[in-house]
Amino acid sequence: MATNDPVHSPFAQTFFHGTKADLQIGDLISPGFSCNYADRKLKHVYVAATITAAIWGAELAVGDGRERIYLVEATGDVEDDPNVTDKKFPGNPTMSYRSVHPFKVIGEVTRWIPHSPEQVQAMRDGLRKLSEQGINVIID
């Protein structure tokens, strides 16, 4: 039986997506929305296989919404995120990925240990400094 629909199974890879968007189970996170860190629309959706990276995504996301981490499942091909893979770190130790296909929300992580306000501010300052230097370029 051939089909283009993704095959969902209890053993499918689950990813994390940190954001301030208010989503529901079954919603799709699609390309074309603004980046969490920059004022531009992206061609990819970015996810991670570690909650640590998703926590940063939620904490650094722009907007006034509540920080959220969603469990998501791919609906198409997924590739390593070139913004951190080999560019900053050899291989993919951050387990960061992206796709031009949507990710389906299958759950939400409601409790996690946040970074301190000082750590978040230091990360924001570092991102701002990179941006001012023209270094904080997202390969999308």
Checklist entry - Going by the conditions given, is I69 without any contact (Cβ under 8 Å) to a residue 24 or more places away in the chain and β-branched (V, I, T)? => result no
Item to check | Residue check, I113 touching a strand residue (DSSP E or B) at 6+ places or on another chain (Cβ under 8 Å), among the hydrophobic types (A, V, I, L, M, F, W, C) and surrounded by fewer than 12 Cβ atoms within 10 Å (Cβ to Cβ) | outcome: no
Checklist entry - So, of the residues in region 123-140 that are closer than 18 Å to Y46 by Cα and surrounded by 13 or more Cβ atoms within 10 Å (Cβ to Cβ), which turns out to be modelled with the lowest pLDDT? => result D140
Next on the checklist: I'd like to know if region 114-124 contains one or more residues that are under 15 Å from the mean Cα position of the chain (by Cα) and either outside any loop (DSSP other than H, G, I, E, B) or on the phi > 0 side of the Ramachandran plot (or both).
Outcome noted: no
Next on the checklist: Every residue in region 109-132 that is touching a residue at least 60 places away in the same chain (Cβ under 8 Å) and closer than 21 Å to Y70 by Cα, please.
Outcome noted: V109, W112, H115, V120
Checklist entry - Can you pull out the residues in region 23-56 that are at pLDDT 95 or above and charged (D, E, K, R)? => result D27
Item to check | Unmet criterion (only one of (1) hydrophobic (A, V, I, L, M, F, W, C); (2) within 12 Å of the chain's Cα centre (by Cα); (3) surrounded by fewer than 18 Cβ atoms within 10 Å (Cβ to Cβ)) for I69 | outcome: (3)
Checklist entry - Taking E59 and the conditions (1) without any contact (Cβ under 8 Å) to a residue 12 or more places away in the chain; (2) under 18 Å from K20 (Cα atoms); (3) assigned to a helix (DSSP H, G or I), which numbered condition does it fall short on, given that it satisfies the others? => result (1)
Next on the checklist: Conditions first: (1) without any contact (Cβ under 8 Å) to a residue 60 or more places away in the chain; (2) farther than 16 Å from Q13 by Cβ. R98 passes all but one, so which condition is the exception?
Outcome noted: (2)
Checklist entry - For region 74-98, what are the residues that are under 13 Å from A49 (Cβ atoms) and buried (at least 18 other Cβ atoms within 10 Å of the Cβ)? => result A74, V78, D81, V84, T85, T94, M95, S96, Y97, R98
Item to check | When residues of region 85-101 are limited to those that are within 12 Å of the chain's Cα centre (by Cα) and in a loop (DSSP other than H, G, I, E, B), the one modelled with the lowest pLDDT | outcome: T94
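The values are calculated or read from the model by the stated rules, or taken from the named source; none is laboratory data. Since the model is a prediction, treat every value here as computed from it, not as a measurement. Cβ atoms come from the backbone with ideal geometry, glycine included; neighbour counts cover every protein chain shown.
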